[in-house]
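Notes follow once the structure below has been shown.
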């Protein structure tokens with residue numbers, strides 16, 4: 001039976017690990033050696049003797065036996081790693097996202113930490129100062145708008161055009177002649193603009209916003225007085241409800257003066273083109289919203305509040321990750337010591353068997369493990385800070401269009417952290433890590449982030465369930481964190497294991513063979529520079545095994 005690669009390796013290791021006694025080198029002898037000529041014949045003789053002693057060839061059977069053993073060892077190691085990762089992920093999930101993270105999220109706000117136009121218009125404020133500013137906006141004064149120079153200028157223009165041939169009523173589309181009464185209507189009422197929370201947040205002048213050619217349109221005086229300060233949609237709803245009375249008045253044989261005036265007014269309202277009126281309203285609002293958004297979102301006020309809120313979120317997330325890593329390492333070390341005590345006894349492996357001395361040494365080992373994590377903790381804080389800052393930006397952008405709930409803010413924060421780590425791994429992979437390996441690890445990070453996000457959603461329901469039990473209600477926060485954290489940690493471990501398991505074994509072995517061939521090539525190049533060359537072992541591909 002031929003000697004296997006494994007047995008040859010064992011022989012080499014014994015030779016390598018043999019004890020050799022070295023003496024101090026003589027400088028003169030070293031100098032003579034370095035300056036002497038190389039005896040190539042002697043080198044060749046030594047090499048030939050080594051070649052006869054060591055069999056460098058690898059047969060197909062040797063390779064197959066090695067790969068089978070390698071796969072078995074690899075699967076055993078993967079299973080052991082699964083158990084270790086399971087323990088660590090459970091501890092980490094309980095401590096970080098559902099422990100410290102739960103505390104960090106206690107001051108999360110619906111709508112995020114930065115005031116947006118969309119949110120304040122729905123009564124959702126991130127800061128009390130802006131809410132107070134709105135409450136102290138002052139009373140509406142119609143004269144302020146109707147005596148404004150821009151209003152007078154536009155009204156004068158329409159009056160001249162009416163005399164020169166008439167102007168179009170923007171609601172009925174009929175022509176207003178010189179003898180007809182008309183008013184210059186604020187399409188979006190000045191009262192609504194005055195009370196607009198978004199405008200007040202952006203600190204835009206209400207008269208300049210209200211008195212524009214897009215928002216000032218001529219219409220019949222009766223229609224304008226019926227509309228008052230209502231929004232266009234509310235006005236049209238009321239108008240359509242009143243129109244039904246026309247038939248009632250027309251059915252009467254005789255009408256008094258008041259009824260005749262009312263019928264005439266209703267008939268004029270009935271001429272309104274609802275679709276055209278709403279179109280003009282949409283155009284006016286779009287112009288106003290554009291001005292308000294441009295002023296606010298390009299202001300130093302918004303930039304400052306965003307940066308300050310982002311820094312706070314970054315510090316919170318950085319602290320959560322750094323502290324979580326330290327505490328996780330502490331409890332992992334504690335559990336490892338407990339397991340070692342269970343397997344080997346309390347004082348096994350220590351010179352002294354006195355209780356407090358051994359306890360001190362074991363605590364010292366735990367302390368050393370925690371201290372050795374300070375660089376990782378600093379890196380975790382940095383990554384957490386960056387991802388927290390970015391998550392605040394993302395939350396703010398989302399709240400420009402839709403108001404996020406408190407739990408959604410937390411999901412964004414936890415999810416962005418996993419995504420940030422994945423992107424960082426792809427852009428700045430560790431040394432000697434291939435792009436394929438980096439992509440594989442990034443998938444696991446993203447999957448972990450998704451599971452944590454699902455855990456955050458489930459946390460609310462589980463917390464409500466536990467609080468519904470009278471006995472457990474006082475401990476609901478602790479029990480929820482432990483239970484959800486444990487389930488999340490186990491889920492992350494199982495999913496990560498599945499992703500690793502799913503990875504093609506053939507790809508793994510091909511990678512091993514390619515890496516080994518690359519190392520032999522580097523060895524050939526090195527030996528070539530020494531003027532002789534050892535033939536490289538002929539490796540077989542995985543497909544041949």
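Values in this text are rule-based calculations from the coordinates and carry no lab data. Please read all numbers here as calculations on a predicted model, not as lab measurements. Every residue, glycine among them, receives a Cβ derived from its backbone with ideal geometry; neighbour counts consider all protein chains shown.
Per-structure values
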read-out	value
Neighbour-count ranking [beta-carbon atoms within 10 angstrom, fewest first] of 206, 299	299, 206
At 0.890 mPa s and 25 °C, Stokes D of region 141-298 from Kirkwood alpha-carbon radius, µm² per second	145
Computed Rg/Rh of region 334-403, alpha carbon atoms with Kirkwood Rh	1.40
Tensor-based shape of region 363-433 (alpha-carbon gyration tensor, a/c under 1.5 rounded, otherwise prolate or oblate)	oblate
For region 178-237 and region 395-468, distance of Cα centres in Å	46
Residue order, fewest to most surrounding Cβ atoms within 10 angstrom, among 302, 70, 79, 356	356, 79, 70, 302
Least to most buried among 467, 217 (fewest other Cβ within 10 Å first)	467, 217
Tensor-based shape of region 329-466 (alpha-carbon gyration tensor, a/c under 1.5 rounded, otherwise prolate or oblate)	prolate
